[in-house]
Amino acid sequence: MIIKKFHHVAIICSNYEISKKFYTEVLGFKIIKETYREERGSYKLDLRVGETDQIELFSFPNPPKRPSRPEAQGLRHLAFEVVNLDESISYLKNKNITTEEIRIDPVTGKRVTFFSDPDNLPLELYEI
């Protein structure tokens, strides 16, 4: 078996409309396809991130909660590459999104910051 790359990342949200607005209007991801699955009472929203990456945003009735800070067991966070971290932080601030203080990755020496999606999922901006 040879794995070539990630195909997508799946996120289950608690409020579909709020998360859809956040990922499309705030983060600017393009909608590939939106599907309502009546038998499940849920939406599946395929979003394009960059040129080839994809997020699948799901809604389900009454999804269980789980811890989601960067140090919690399980998926640690999603990281997005940015060219200018200061401009990206300013952009998010103008959208009323709070970011943490800028950190320096001790291994790469790169600047990073964290912020949260509407369900408190930790997201990282990584300056390339």
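The values are calculated or read from the model by the stated rules, or taken from the named source; none is laboratory data. These numbers were taken from a predicted model, which means no experiment stands behind them. Cβ coordinates were reconstructed from backbone atoms using ideal geometry, including for glycine residues, and neighbour counts include every protein chain displayed.
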So ARG40, is it over 16 Å from the mean Cα position of the chain (by Cα) and surrounded by 13 or more Cβ atoms within 10 Å (Cβ to Cβ): no
Qualifying residue in region 108-122 (condition: outside any loop (DSSP other than H, G, I, E, B), buried (at least 16 other Cβ atoms within 10 Å of the Cβ) and of a type in the set (Asp, Glu)): no
Flag for GLU39 being more than 22 Å from LYS5 (Cβ to Cβ), modelled with pLDDT of 95 or more and either in a loop (DSSP other than H, G, I, E, B) or among the hydrophobic types (A, V, I, L, M, F, W, C) (or both): no
Conditions (1) exposed (fewer than 15 other Cβ atoms within 10 Å of the Cβ); (2) hydroxyl-bearing (Ser, Thr, Tyr); (3) at pLDDT 95 or above: number failed by THR24: (1)
Matching residues, region 61-105, being of a type in the set (Lys, Arg), modelled with pLDDT of 95 or more and assigned to a loop (DSSP other than H, G, I, E, B): LYS95
Subset of region 6-60 (residues that are in contact (Cβ under 8 Å) with a residue 12 or more places away in the chain and among the charged types (D, E, K, R)): LYS20, LYS30, LYS33, GLU34, ARG40, LYS44, ASP46, ARG48, ASP53, GLU56
